[in-house]
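The values are calculated or read from the model by the stated rules, or taken from the named source; none is laboratory data. Note that the structure is predicted; figures quoted are calculated from it, not measured. Here the Cβ positions follow ideal geometry from the backbone for every residue, glycine too, while neighbour counts run over all protein chains shown. Side chains included, ligands, DNA and RNA excluded: accessible areas come from the protein's heavy atoms. Shrake-Rupley method; radii C 1.70, N 1.55, O 1.52, S 1.80 Å.
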Amino acid sequence: MKFYIIAFLIFTSFGVDIDKNTFSNYREVKMQHLHIEWLLNLRSKIIDGSAEYTFKVTTAELKEVHLDIYQMEIKYAYYPNVGKVLDWHVESDPKQSLVQGDKLIIKLGQSYKYGDIFQLRIKYQIGEAARALSFMSIEQTDDKKAPYLFSQCEANNCRSMIPLQDTPSIKFTYSATVLTQDSQINVFMSGLPVKNNKFALMEQYNMNGIAKIFQFELNIKIPAYLIAIVAGTVQEKATSQRTSVISEAKNIDIYQKELEDLDKYVKYLEDYIGEYKWGFYKIVILPASFPFGGMENPLLTFANPSIIVGDKSGVSVAIHEIAHSWFGNTVTCNNWSNMWINEGFCVFLERKGLLQLFGEIDYVYVNSQVGTKEMNALIKEFNSSTDPVVKSYASLHPITEDHNADDSFSTIPYERGYQLLFYLESVISEIKFQQLLKDWLRQNEYQSADENDFYNFMIVWIKSNFTIEQFLAIKQQIDTVYTKWIYDTGSPPVKLGFINDASIQATDLAEDWLSSRPGEQPQGFEIFNQFKSNQKQLFLSYMQEKYTNLNTITMKQLDLSYNLSDNKDAELLFRWYTLSIQTKYATTNTNLNKIRTFVGKIGRMKMINPIYKALDKNTAQTWYNENKNFYHPLARQSIENIIKSKSQYVNVELL
Ligand SMILES: [Zn+2]
C-alpha cells in the first residue's frame, strides 16, 4: 500500500504526458486491430488502399472518429457489415498540412458508449506524396528487373500510407493483403506471412491484372510507426533456423555472409534481458538510399547497405535493431518527446550485447566515447540556440508540438539516455539494474510509457529491493540528477568520460598527428591499421573536434598514410570527408570528386547530412540537385532544411 501512495504522489507531481503530435481522438477511442488491403501499381507509383479498423470506445459518448492523414486521397468511409456510407471531411490547417498532416473526421451517424466495439472501413489512394514511401524506378535498383518500394514510418509518417491513430500511445494488432501486378515482385511486411488467402478481399479487382497476392499478420500489438513494407525483386536467405537476410539478388550472398552470426547476436541479448518473443528475426538490406542505418520494424528490420563493410565491423547496427525487440517494440515511448524511452534503453542493451561481441569492456567504452563526443557537440549547438524549440532538442524531452517530430531526432536521446541509465546502473549495481530492467519489461510488456512511468517504477522497485536506509540514500542520489538529466538543456549533471586504454590509444595518436610537423608522420603512426573500426571513428571524431589545428599538408599525409579517401568503411569515410571539407583539404585535386560520388551513392542521413552541412551553400545545392531523385523523401526534407537555413544543427540518424 505504501508503495502505491509513493507512486501516486510522484505521478501527480509530474502530470500526464499526452501525445501532441497526433490529430486523432485516441484518448476517446482506441484502434484494436487494423487490416489493410493494398493494390500496388509500382510503375505508376500509385497504391489503392482500403483499411478496416476495429475500435473500442473509451469515453462516455462517442460520435466521431478523428484520424491522422498526410497528403492522401480519401474516397469514402463506411460500415463494412451494413455497407452504410458515412459522412467525412478533412480538417486542415495550412500551416500544418505539410508538417504533420491533416485531421480526417468521420461522423459515425450514431453515438457509441464506453466499452462499445465497432468496425469501420476507409477506401483511399496514395502516391508519391506519401512521405513514408520510397518508390524506386527499375533503373534505381540493383537487379534492374522491376520497380522497388520501401517504407519508413517512424516517427509520424505512417499517416501518409494509412489513415490511422498515428501515435506510439496506441498499440494494435494488424494484418494485410497486398496485391501485385508484376509476378517478379515479392513483398515482405513487418508481420508473419500467411498462406492460402486467409483474409477475404475487401474490394473487387479485375483479377486478370493481378499477378500475386501476399498476406501477413502480426498478433502482437504494435504502434503505427512499426508497420513496414518492402516490395521488389527481393529474396530471402536463412542464416539460422530463426534468422534470415532479405535483399535483391545481386549482393545477397555477401550480405548473408556478413550477417551469418545474427542468431548469436539475438542470444547475446537474450543472455542479458530474457527470451526473444517475436519468433523470427529478419533483416532487409535495402537500397543505399534508405535514410537510416537501421529501422527496427518487428520481424523485418530494415538496414542500409553501408553496415556491410566486409569485416563485420558494421554489425553493431544489427545488434542495436535486435535490442529494439525489447526496448521500443515491447515497451514503447508514449510520445516522441520521450523517444529516449526507446533509444536510450536500446543503446544500453546494445552495448551489453557488444560486450559479448568484443569480449572487452574497453572496446564498448570506445563506442560510448564516440557517442558522447557527438552528443556533447550537439548539446553545445542546440543549447546555444535562441529558439526554445531547438534548444529543447539538447534535453531528453524535446518540444515536438506543432512540429514534425522528426525535427527533434538526433543522437541526444540515444547517448544522453544511455548515459542516464549507465549512471543509474552505477548507483544500484550491475546485477540489481539488470533485474530492474527485466521487471520493467515484464510490467510494461506491449504497452507505452514515459519518463514518469520509469521513475515511478524504479523508485518502487528500489524500495522493495533495498533496506529502508539504502533506499533513502539511493533515492536522494537519483532525485539529485533525474529531472536535470531529462529536462535540462545543458550537459548531463554527471560527466561520464568512458576513458580507457583503447580510447586513449586512439586519442593519443590523434594528438600526435595534431602536434606533428607538417608533412611528417608521428612515430608509431602505423598502429592505426591495427585499430578496430570504432577506435578509428574516435580518432577521426577527435580530429573533427580540433579541425582548426589541422593544415592541408597534414591532411594529405594522413590520407597517404591510411588511405582514408578510398576506405571501404562508410563510418570512416563520412567523418573523413566532412573533415576534408572543414579543413579545406577537399579540392578537385584531392578527394572532392570522391565526396561528390559518395553523397550520390548513399542516402543515410547520418553520413550525408554532416557533409551537406560542411559544404558552402552553392555546392550543397548543386550536389543536392544532382541526387534529389535518389534520396528518400525524409532525407530530401532534411537536406533541404540544411541548405535553406545552413543551420547549426543536423538530423542525426535514427538507428
Ligand atoms: Zn534505435
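Before moving on, here are some points about what is shown:
Residue by residue, here is whether (1) farther than 21 Å from N219 by Cβ; (2) without any contact (Cβ under 8 Å) to a residue 60 or more places away in the chain holds:
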residue	(1), (2)
S240	yes, yes
S244	no, yes
D253	yes, yes
E258	yes, yes
Y276	no, yes
L286	yes, no
T301	no, yes
S306	yes, no
K312	yes, yes
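- Exactly one residue out of I428, I361, I412 is aliphatic (A, V, I, L, M), under 30 Å from L472 (Cβ atoms) and in contact with a helix residue (DSSP H, G or I) (Cβ under 7 Å, 6 or more places away or on another chain), and it is I428.
- Qualifying residue in the range 150-167 (condition: closer than 26 Å to L300 by Cα, touching a Ser or Thr at 6+ places or on another chain (Cβ under 7 Å), hydrophobic (A, V, I, L, M, F, W, C) and not in a helix (DSSP H, G or I)): yes
- Extreme residue, farthest from R351 (Cα to Cα), among residues of the range 264-280 that are open to solvent by 90 Å² or more (accessible area, probe 1.4 Å) and in a loop (DSSP other than H, G, I, E, B): F280
- Hits in the range 540-562 (condition: open to solvent by 80 Å² or more (accessible area, probe 1.4 Å) and over 23 Å from N367 (Cα atoms)): T548, N549, I553, K556, L560
- Qualifying residues in the range 385-395 (those that are in contact (Cβ under 8 Å) with a residue 40 or more places away in the chain and surrounded by fewer than 24 Cβ atoms within 10 Å (Cβ to Cβ)) - the one farthest from Q544 (Cα to Cα): S392
- For the range 188-244, residues that are under 31 Å from the mean Cα position of the chain (by Cα) and of a type in the set (S, T, N, Q) total 10.
- Residues of the range 247-263 that are within 18 Å of P298 (Cβ to Cβ) and surrounded by fewer than 23 Cβ atoms within 10 Å (Cβ to Cβ): D263 alone.
- Residue match in the range 412-419 (condition: outside any helix (DSSP H, G or I) and hydroxyl-bearing (S, T, Y)): no
- Unmet requirement for K267, which otherwise passes all of (1) away from the ligand (no atom under 16 Å from the Cβ); (2) over 20 Å from N186 (Cα atoms); (3) in contact with a strand residue (DSSP E or B) (Cβ under 8 Å, 6 or more places away or on another chain): (3)
- Cβ separations smaller than 7 Å between residues 6+ apart or across chains give no pair from the range 144-157 residues that are within 14 Å of N335 (Cα to Cα) to residues that are in a strand (DSSP E or B) and open to solvent by 10 Å² or more (accessible area, probe 1.4 Å).
- Enumeration of residues in the range 396-434 that are within 30 Å of Q470 (Cβ to Cβ), open to solvent by 10 Å² or more (accessible area, probe 1.4 Å) and in contact with a Pro (Cβ under 9 Å, 6 or more places away or on another chain): Y423
- Residues being of a type outside the set (F, W, Y), closer than 21 Å to K264 by Cα, within 11 Å of the ligand (Cβ to nearest atom) and open to solvent by less than 10 Å² (accessible area, probe 1.4 Å) - total across the range 329-378: 4
- Filtered residue count, the range 166-198, keeping only those that are over 24 Å from T141 (Cα atoms), open to solvent by 10 Å² or more (accessible area, probe 1.4 Å) and touching an Asp or Glu at 6+ places or on another chain (Cβ under 8 Å): 5
- Comparison of G310, G274 shows that the only residue that is out of contact with any Phe, Trp or Tyr (no Cβ under 6 Å at 6 or more places or on another chain), closer than 30 Å to H33 by Cβ and more than 16 Å from the ligand (Cβ to nearest atom) is G274.
- In the range 413-436, the residues that are acidic (D, E) reach residues that are within 16 Å of the ligand (Cβ to nearest atom) and open to solvent by 10 Å² or more (accessible area, probe 1.4 Å) with C-beta atoms within less than 9 angstrom, at least six apart or across chains, in these pairs: E415/E374.
- Filtered residue count, the range 216-246, keeping only those that are open to solvent by 60 Å² or more (accessible area, probe 1.4 Å), within 26 Å of S448 (Cα to Cα) and not charged (D, E, K, R): 1
- Helices (runs of 4 or more DSSP H) wholly inside the range 566-655 containing at least 1 residues that are surrounded by fewer than 23 Cβ atoms within 10 Å (Cβ to Cβ) and in contact with a strand residue (DSSP E or B) (Cβ under 8 Å, 6 or more places away or on another chain): 633-645
- Taken as a whole, the range 532-545 holds no residue that is at pLDDT 95 or above and more than 28 Å from the chain's Cα centre (by Cα).
- Within the range 284-291, none of the residues are more than 16 Å from the ligand (Cβ to nearest atom), open to solvent by 10 Å² or more (accessible area, probe 1.4 Å) and assigned to a helix (DSSP H, G or I).
- Of all the numbered requirements in (1) hydroxyl-bearing (S, T, Y); (2) closer than 21 Å to D362 by Cβ; (3) loosely packed, with under 15 Cβ neighbours inside 10 Å, S503 misses one, and that requirement is (3).
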